[in-house]
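Q: First the structure, then my questions, so here it is.
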Amino acid sequence: MDYEKKLKYIILTLIKGVGCVSQNALLDICGNIETCFTLSKEEIHERDTLGKVGEHRIHLFSQGRENKQIRLEAEAIIKDSIDKGIAVITREDNEYPKRFLGLGDMPIALYVKGKLKINDTSYSAGVIGARRCTQEGKRTAIEATVKAVNKNGLVVSGMAKGIDSYAHTAALKTNGYTIAVLGNGPDICYPPEHQSLYEELIKRGCILSEYPPGTKARSYMFPLRNRIIAALSDEVFVIEAGRNSGTQTTVENCEKYGRKVVRIT
């Protein structure tokens, strides 16, 4: 995809008040990003026959796409991504996860360090759970990971302490492929003590985020991150996580997207 198309995608993601659902709806009714930026506000409104975007958000979009400051910010993000070896993968790129298609709340642009190969496999297992897990929980995470790798599948997790990190490490040790979905920019290792794992994931797996480089972690970002883990997975193993833990948002999204959940306590 050429520079201008990627730039337009990033501009769309930067417009305040136009979230992922509205971004996807705009692309659906317009057909592609170029048409979104070519049609007048009135023409977009005419196409929005079911009101999926709505008059207010169409107005915000039409203003935002002409905003010079937003364009400059998007240009800076592309330059920063290139400088840091981060790929910007949009909804129109072949690498964009096919598992996202039909899910209206998925990000329309992804920031990736490493090689995103989610479309190369017919099976994907999410392995998530407690940060403070038992030795039995660790063994269970490793077993679930190895089984997924032996099925020629890949493993998705969030690079958090505990179960997440054991799953990523086990996948790499068995020459499997694993994706770490972050709740911050892909150029930031969080938690910082996982620096060596982070570097191995870039070399042999993938770091993925919906946030541009330089974005620091905020508490509200992790529940949003969890929906991506759910969407990338065919089934999710939830290990030693309480019903009120942060992983519950992943479970809820699995149910929403029709993904299988296996709870192991």
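The values are calculated or read from the model by the stated rules, or taken from the named source; none is laboratory data. On a predicted model such as this, the values are computed, not experimentally measured, just so you know. Here the Cβ positions follow ideal geometry from the backbone for every residue, glycine too, while neighbour counts run over all protein chains shown. Surface areas here come from the heavy atoms of the whole protein model, side chains and all, with no ligands, DNA or RNA. Shrake-Rupley method; radii C 1.70, N 1.55, O 1.52, S 1.80 Å.
Q: Each label point is 7 Å from the Cα along the Cα-to-Cβ direction; what then is the distance between the points at HIS59 and LYS260, in nm?
A: Distance between label points: 4.9 nm.
Q: Over the range 136-259, calculate the relative contact order: mean separation of alpha carbon pairs under 8 Å at least 6 apart, over the residue count, as a percent.
A: Details: 192 pairs, mean separation 27.3, N = 124.
After rounding, I find 22 percent.
Q: Another question, if that's okay. Pick out which of ARG91, ARG131, ARG218 has the largest mean-square fluctuation in a Gaussian network model of the chain, springs linking Cα atoms closer than 10 Å.
A: Residue with maximal mean-square fluctuation among ARG91, ARG131, ARG218: ARG218.
Q: Right, something else. Excluding GLN195 itself, calculate the net charge of residues whose Cβ lies under 14 Å from the Cβ of GLN195, where each Lys or Arg counts +1 and each Asp or Glu counts -1.
A: -1
Q: Another question about this same structure. Compute the accessible area per residue over the chain, keeping the other protein chains in place, probe 1.4 Å, unit Å².
A: Value returned for the chain: 47 Å² of accessible area per residue.
Q: Explain nothing, just the number: dipole magnitude of the range 78-186 about its Cα centre with +1 on each Lys and Arg Cβ and -1 on each Asp and Glu Cβ, in debye rounded to the nearest 20.
A: Roughly 380 debye, rounded to the nearest 20.
Q: Using only Cα atoms, locate the centre of the range 38-92 and the centre of the range 2-29, then give the distance between them in Å, rounded to an integer.
A: Going from one Cα centre to the other spans 4 Å.
Q: Full-extension gain between SER196 and ASP93, please, as 0.36 nm times their residue separation minus the C-alpha to C-alpha distance.
A: Answer, rounded to one decimal: 34.1 nm.
Q: I've got another one for you. Ignoring any ligand, DNA or RNA, what whole percent of the accessible area of the range 124-265 comes from carbon and sulfur when the probe is 1.4 angstrom?
A: Working: 3010 of 6120 Å².
After summing per-atom areas, the C and S share lands at 49 percent.
Q: From the list (1) 13.6; (2) 18.7; (3) 15.8, can you say which value of mean projected area of the Cα convex hull in nm² was derived from the structure given?
A: Calculated mean projected area of the Cα convex hull in nm²: the matching label is (1).
Q: Between ALA217 and THR38, what FRET efficiency follows from the Cβ-Cβ distance if R0 is 30 Å, with the result rounded to 0.05?
A: According to the calculation, E is roughly 0.25.
Q: Test of understanding: in a Gaussian network model of the chain with alpha carbons linked when under 10 Å, which of ALA25, ALA170, ALA76 would top the mean-square fluctuation ranking?
A: ALA76
Q: Report, in deg cm²/dmol and to the nearest 500, the calculated mean residue ellipticity at 222 nm for the chain, where each DSSP H run with n ≥ 4 adds -39500 (n - 2.57) and the sum is divided by the residue count.
A: Theoretical 222 nm ellipticity from helices: -14000 deg cm²/dmol.
Q: Another question, then. Given a cut-off of under 8 Å on Cα pairs at least six residues apart, what relative contact order in percent is computed for the chain?
A: 17
Q: Just how large is the dipole of the range 172-225 about the Cα centre, in debye to the nearest 20, putting +1 at every Lys and Arg Cβ and -1 at every Asp and Glu Cβ?
A: 80
Q: By a straight-distance test (C-alpha under 24 Å), which lysines pair with LYS216 as possible cross-link partners, with residues fewer than eight away in the same chain excluded?
A: LYS6, LYS8, LYS16, LYS79, LYS84, LYS113, LYS115, LYS161, LYS203
Q: So, one more: Treat each spin label as a single point 7 Å out from the Cα along the C-beta direction, and report the GLU73 to GLU46 distance in nm.
A: 3.1
Q: Additional query: What share of the DSSP beta bridges in the chain is antiparallel, in percent to the nearest 5?
A: If we restrict to bridges inside the chain, about 30 percent are antiparallel.
Q: Dipole of the range 1-129 (Lys/Arg Cβ +1, Asp/Glu Cβ -1, origin at the Cα centre): which of VAL127, GLN23, LEU101 lies farthest to the positive side?
A: Farthest towards the positive end: VAL127.
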